[in-house]
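To start, the structure itself, in structure tokens.
The values are calculated or read from the model by the stated rules, or taken from the named source; none is laboratory data. None of the values given here were measured: they were computed from a predicted structure. Counting neighbours? That spans all protein chains shown, and the Cβs are built from the backbone with ideal geometry, glycine included. Calculation scope for accessible area: heavy atoms of the full protein, side chains included, ligands and nucleic acids excluded. Shrake-Rupley method; radii C 1.70, N 1.55, O 1.52, S 1.80 Å.
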Amino acid sequence: MTETNIAIAPSWERPSAETLARFAEHSTANLGDGLERLDIVDAGIAPIWPGSRIVGSALTVLTTAGDNKAVIEALDHIQPGDVVIINAGGYDGRAILGDNLAQRFDLFGATGAIVDGCVRDRDIIESLRFPVFARGLTPAGPYKNGPGRIGVPVALGGVVVSPGDIVVADSDGVIVIPPSRVEAALAGADAIVALEAAKDAEVVELRAAREAQR
């Protein structure tokens, strides 16, 4: 443990920007189908403003319920392309972050934040267009005592997230892709896209046929 009672992993490998860009082409639904419907975070964690979308490399934080000292220290470890993943124990009594931290996450290059817990300042965060997903909202502020951990595997809505995992989030929810599943996830999602395109084309043909019969 450090003197600040926040344990920090020495380092972890992050996916390339090119890999993240490939995932940006796919929805969570198609990725989930491509991954046999596994590694999908439970539906309780949702975007706090409509239209939010995140693709990034997991910077993981484990914090005591209602306390965000570790979240603040995580600012020193953000690299461009990271998404801040916070296990706050699912606690709904206090917000783990608000607009001030959201602005700093954005400034330091984070693509978004996902909290297994609550946040606040939704209207301001929406005006910033910074994507935040959480279990809910509360105006109650956090304590700043610790302890906590940064860069370790954490639970997020029933899914284990390790630092460096790829995380994709959109209006449907959140999915986590471990490095070992990157190519399988992309190939599976590509196949789903092709299948859906064929189904859409079939509907167009059926509609045209019905209209021709009128």
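Among the protein heavy atoms of segment 144-214, carbon and sulfur supply 55% of the accessible surface, probe 1.4 Å, non-protein parts ignored. Peptides 163-174, 130-141 ranked from most to least packed, by the mean per-residue count of other Cβ atoms within 10 Å: 163-174, 130-141. For the chain, the Cβ-based charge dipole about the Cα centre amounts to some 420 debye (Lys, Arg positive; Asp, Glu negative; other atoms uncharged). In segment 62-204, one over the average inverse separation of all distinct C-alpha pairs is 16.2 Å, which is the Kirkwood hydrodynamic radius.
Bridges between two residues of segment 97-214, per DSSP, are antiparallel at a rate of about 65%. Across the options VAL119, GLN103, ASN145, the greatest Cα extent toward the positive end of the charge dipole of segment 87-214 (unit charges at beta carbon of Lys, Arg, Asp, Glu) belongs to ASN145.
Spread over its residues, the convex hull of the C-alpha atoms of segment 36-105 is 120 Å³ per residue.
Per residue, the accessible area of the chain comes to 48 Å² when a 1.4 Å probe rolls over the protein heavy atoms.
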